[in-house]
Amino acid sequence: MSDDLTNPIAMHCKYWPATFDGALMPLMIALHRVYAAKTARSSAIFSRHGLCPAEFDVLAILRRSAPPHELTPSDVQRSVIITSGGLTKILRQLEQRGLVTRSTDAADRRIKPIRLSPAAIPIVEQTMQELIADSSAWIKSTLSEKELAQVTALLNKLLASSAAPSEASK
């Protein structure tokens, strides 16, 4: 096989030209590759701290909430990108490891707030410091402050438009 499989843009253009968009395809591939690179870098950091990405997300959501760093499962669910069943599994794992505690709300016994445990604080703090240092070293060595602001603004613009109904569904 003589095709260069590391060049998906050329492959797509050559073998699937009906769906090739010369402006959009390079962006989509770049976004996918940057996401994969960032995920790999972050996963190594999570692993050093005995966490999976979803566990870290839950701990970080609790950490950035007001003291005593406690939220309802519904509050956490609105901030994560996993199903409610997936969240239940993550919460169970974190509770078994002593990283979160669950209590019962006195006013509504059906609600079981989740609280960041004292044991979790140094773990989530250290993990976040390493993630920020790694991201800063990687991104700021590549992009200028102006480029970083531009990329951020453009990605936020795309994100904001993703909540709007698409033209195709009208």
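Taken over the stretch 37-87, residues that are over 27 Å from THR142 (Cα atoms), open to solvent by 40 Å² or more (accessible area, probe 1.4 Å) and under 11 Å from the mean Cα position of the chain (by Cα) amount to 3. Criterion applied to THR127, THR104, THR142 was being among the hydroxyl-bearing types (Ser, Thr, Tyr) and surrounded by 12 or more Cβ atoms within 10 Å (Cβ to Cβ), and the one residue passing it is THR127.
Screening SER103 on (1) modelled with pLDDT under 90; (2) touching a Gly at 6+ places or on another chain (Cβ under 8 Å) shows it passes everything except condition (2).
Of the residues making up the stretch 58-85, those that are part of a helix (DSSP H, G or I), in contact (Cβ under 8 Å) with a residue 24 or more places away in the chain and not basic (Lys, Arg) are VAL58, LEU59, ALA60, LEU62, PRO73, VAL76.
Quick one: in the stretch 97-110, which of the residues that are under 18 Å from ASP57 (Cβ atoms) and assigned to a loop (DSSP other than H, G, I, E, B) is farthest from the chain's Cα centre (by Cα)? That would be ARG97. Mind checking whether some residue in the stretch 13-36 is in a helix (DSSP H, G or I), charged (D, E, K, R) and modelled with pLDDT under 90? Looking for residues that are in a helix (DSSP H, G or I), charged (D, E, K, R) and modelled with pLDDT under 90, one finds at least one in the stretch 13-36, hence yes.
The condition (being under 28 Å from SER135 (Cα atoms) and over 19 Å from the mean Cα position of the chain (by Cα)) is satisfied by just one residue among PRO17, PRO26: PRO26. Taking first residues from the stretch 14-31 that are farther than 17 Å from ASP4 by Cβ and open to solvent by 80 Å² or more (accessible area, probe 1.4 Å) and partners that are modelled with pLDDT under 90 and charged (D, E, K, R), the Cβ contacts under 9 Å between residues at least 6 apart in sequence or on separate chains come to MET28/ASP21.
Somewhere in the stretch 111-121, is a residue buried (at least 16 other Cβ atoms within 10 Å of the Cβ), in contact with a Lys or Arg (Cβ under 8 Å, 6 or more places away or on another chain), at pLDDT below 95 and in a loop (DSSP other than H, G, I, E, B)? Among the residues of the stretch 111-121, at least one is buried (at least 16 other Cβ atoms within 10 Å of the Cβ), in contact with a Lys or Arg (Cβ under 8 Å, 6 or more places away or on another chain), at pLDDT below 95 and in a loop (DSSP other than H, G, I, E, B), which makes the answer yes.
Within the stretch 120-158, the set of residues being under 18 Å from ALA36 (Cβ atoms) and acidic (Asp, Glu) comprises ASP134 only.
The values are calculated or read from the model by the stated rules, or taken from the named source; none is laboratory data. In this text the structure is predicted, and so the values were computed from the model without any measurement. Positions of Cβ are backbone-derived with ideal geometry, glycine not excepted, and every protein chain shown enters the neighbour counts. What goes into the accessible areas is simple: the full protein's heavy atoms, side chains included, and nothing from ligands, DNA or RNA. Shrake-Rupley method; radii C 1.70, N 1.55, O 1.52, S 1.80 Å.
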